[in-house]
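**Q** Got a structure here, written out as structure tokens. Questions coming.
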Amino acid sequence: MVMPMRSSQAREGLPPSPTPQPGERSAPERVRRRFRDRAQQFDDLYEDERPLARLLRPGLLRRRNLAVETVRQYPAPRVLDVGCGSGRIGEFMLDAGAGHYVGVDFSEPMIDLARARLERFAGRVELLLEDFLRAPLEGPFEVLLALGLFDYLPQPHHFTRRMFSLCAPGGCVVGSFPSFSPVKGPVRKVRYEWIGDCPIFNYSRRELELMFGASGFAPVEIRSPGRSGYLLRAYKQ
Ligand SMILES: C[S@@+](CC[C@H](N)C(=O)[O-])C[C@H]1O[C@@H](n2cnc3c(N)ncnc32)[C@H](O)[C@@H]1O
């Protein structure tokens, strides 16, 4: 049986969410609502074989491949998937030899999809319906995943710090990050922020180096595979 979700639990010493203006929803609440309303639509992207879809989303495959390659480098690693979504990557992690897989996501429909998808890996899977910054997690983990997550984080350094504290010595974070492209950047801003009411953030290579470096990770390896943004592997010594 895939483990049930746990109840919300504030952790001592963790930062509060950014304060919204009066009458505004906070950024994390807007993100959560998007992935609550569009969980199935997001999940379907992985099945979309149309050439245009493949062309627009080369990153999905690349980030998954880096995650698989990384998990295979450790013997039966404990894997923490932050913003695990519908468990699409989790399935590959477990097939690639993850000894234990913990997926955290604050969208209930996403966790429901992940639970159904990962049912066959009974006993090796734990799924938590939580905001990562407040989730009751016990490390250490050899591999932490942050795939397609940082796009939506107004305070990303809180996430990198918590990831560092949960990472095993010799372990690493595998992340994917959007960069701003002159063509795709404005389109995404309009589609997500103006139409979809969902905040979206981009990163530069330097910002990623500084953010992960300041949280304690070294070395921080960054690849820029063309239009699909950055892929990163950041290690804890
Ligand atoms: C674009 S999806 C990526 C899902 C998955 N990592 C993948 O690559 O298929 C981003 C996910 O991050 C989750 N998320 C965003 N902020 C989060 C937070 N603070 N805590 C937990 N989950 C979060 C969203 O609910 C959403 O399911």
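The values are calculated or read from the model by the stated rules, or taken from the named source; none is laboratory data. These numbers were taken from a predicted model, which means no experiment stands behind them. We place every Cβ from the backbone using ideal geometry, glycine too, and count neighbours over all the protein chains shown.
**Q** Going by the conditions given, is residue 114 buried (at least 18 other Cβ atoms within 10 Å of the Cβ), in contact with a Ser or Thr (Cβ under 6 Å, 6 or more places away or on another chain) and within 24 Å of residue 32 (Cβ to Cβ)?
**A** yes
**Q** Being basic (Lys, Arg) and buried (at least 20 other Cβ atoms within 10 Å of the Cβ) is the filter here; which residues of the stretch 126-169 pass it?
**A** 162
**Q** Next question. Look through the stretch 130-164, keep the residues that are away from the ligand (no atom under 12 Å from the Cβ) and part of a strand (DSSP E or B), and return whichever of them is farthest from residue 222 (Cα to Cα).
**A** Once the filter is applied, the top-ranked residue is 141.
**Q** For the stretch 214-235, what are the residues that are more than 18 Å from the chain's Cα centre (by Cα) and within 16 Å of residue 144 (Cα to Cα)?
**A** Answer for the stretch 214-235, where residues must be more than 18 Å from the chain's Cα centre (by Cα) and within 16 Å of residue 144 (Cα to Cα): 216, 218, 219.
**Q** Name every residue in the stretch 142-172 that is more than 14 Å from residue 84 (Cβ to Cβ) and of a type in the set (Val, Ile, Thr), in order of residue number.
**A** Result: 160, single match.
**Q** Further, regarding this structure: Would you mind finding the one in 101, 74 that is within 14 Å of the ligand (Cβ to nearest atom) and modelled with pLDDT of 95 or more?
**A** On the way: 74 fails: within 14 Å of the ligand (Cβ to nearest atom).
That would be 101, the only listed residue that is within 14 Å of the ligand (Cβ to nearest atom) and modelled with pLDDT of 95 or more.
**Q** A follow-up question, please. I'd like to know if the stretch 120-129 contains one or more residues that are within 12 Å of the ligand (Cβ to nearest atom), farther than 15 Å from residue 85 by Cβ and at pLDDT 95 or above. Write out each step before concluding.
**A** Just the residues of the stretch 120-129 that are within 12 Å of the ligand (Cβ to nearest atom), to begin with: 127-129.
Narrowing further to those that are farther than 15 Å from residue 85 by Cβ: none.
No; the residues of the stretch 120-129 include none that is within 12 Å of the ligand (Cβ to nearest atom), farther than 15 Å from residue 85 by Cβ and at pLDDT 95 or above.
**Q** Can you pull out every residue in the stretch 204-230 that is in contact (Cβ under 8 Å) with a residue 12 or more places away in the chain and either touching a Pro at 6+ places or on another chain (Cβ under 7 Å) or part of a helix (DSSP H, G or I) (or both)?
**A** Within the stretch 204-230, 205, 208, 209, 211, 212, 214, 226, 227, 228, 229 qualify.
**Q** Which is over 15 Å from the mean Cα position of the chain (by Cα), closer than 24 Å to residue 31 by Cβ and without any contact (Cβ under 8 Å) to a residue 60 or more places away in the chain, of 186, 136, 182, 156?
**A** Going through 186, 136, 182, 156 in turn, just one is over 15 Å from the mean Cα position of the chain (by Cα), closer than 24 Å to residue 31 by Cβ and without any contact (Cβ under 8 Å) to a residue 60 or more places away in the chain: 186.
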